[in-house]
Amino acid sequence: MSRYNTPFEIHVHGQVSLRGDVTFEHVQDALKPIWKYAGARSLTDAAGSFYEDEPGIRFDAQDHVLQMCWTIEGDDDFRQVLDEMCMNLNDVAITGAAIEVTFYDTEFEDEDEDEVSDAESRDDFIMLFVGPDPAAIMQVQRDLLVQDVISLMERHFDGAELGGVVAAVDQLFSQRFNDLVNSLQLGKPPRGTGGGNSSMGHGGRKPRHLH
């Protein structure tokens, strides 16, 4: 799966619960954009990660779960296959799920120490969301946001004091969902990932998941 002149190590991490009727063939079709990018002929050929200590891509047929802890060498064009992958996963997911994609700038790591001070890392972190419908996607977005807000504010307030904050978050998502429903009544609903992204900033390093 090695590619030439690849400035990034790209790590894909997430767990997606799938419908009970989903087979390995369905999963292989859903993930075709990324294993084709890897230059493989099948998901089986591409399932192993660039790092041996990472599980790679696994489909648990008994529990109907897709697990990804997979690193590939690539470039910015990998972003182009992510939208297609997410749309495909929307069709097989049974609940909402978050998928983290981290771009590690290998060229920055290879710079000499004297050059690092003048260079800027192109590390980036993207959070994508998939699900069977917009409501499922918004639910997982809401849950992650609540976790982040509670974690931040518990440094200053007792958890019991934060009920109003959670209610405010719920109100914002309820309004967003109502706005979405109203907009979809005007035309054919678009297919999308419901995903957002956030940049780590130059020089940031997000720890690589090992499980």
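Quick look at the values:
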| read-out | value |
| --- | --- |
| Two-site FRET efficiency, residue 172 against residue 45, from Cβ-Cβ distance with R₀ of 45 Å, rounded to 0.05 | 0.55 |
| Label-point separation, residue 162 to residue 107 (7 Å along Cα→Cβ), nm | 4.0 |
| Length added when fully stretched, residue 63-residue 19, from 0.36 nm per residue minus Cα-Cα | 14.9 nm |
| Paired Rg and Dmax values of segment 8-133, which use every Cα atom, in angstrom | 15.7, 56 |
| Net lengthening on full extension, residue 80/residue 153 (0.36 nm per residue, minus Cα-Cα) | 22.7 nm |
| Using alpha carbons only: equivalent-ellipsoid semi-axes of segment 133-180, gyration tensor based, whole Å | 23, 11, 6 |
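Since every read-out is calculated from the coordinates, none of them should be taken as a lab result. Computed from a predicted structure; not experimentally measured. Note that each Cβ is placed from the backbone with ideal geometry, even for glycine, and that neighbours are counted across all protein chains shown.
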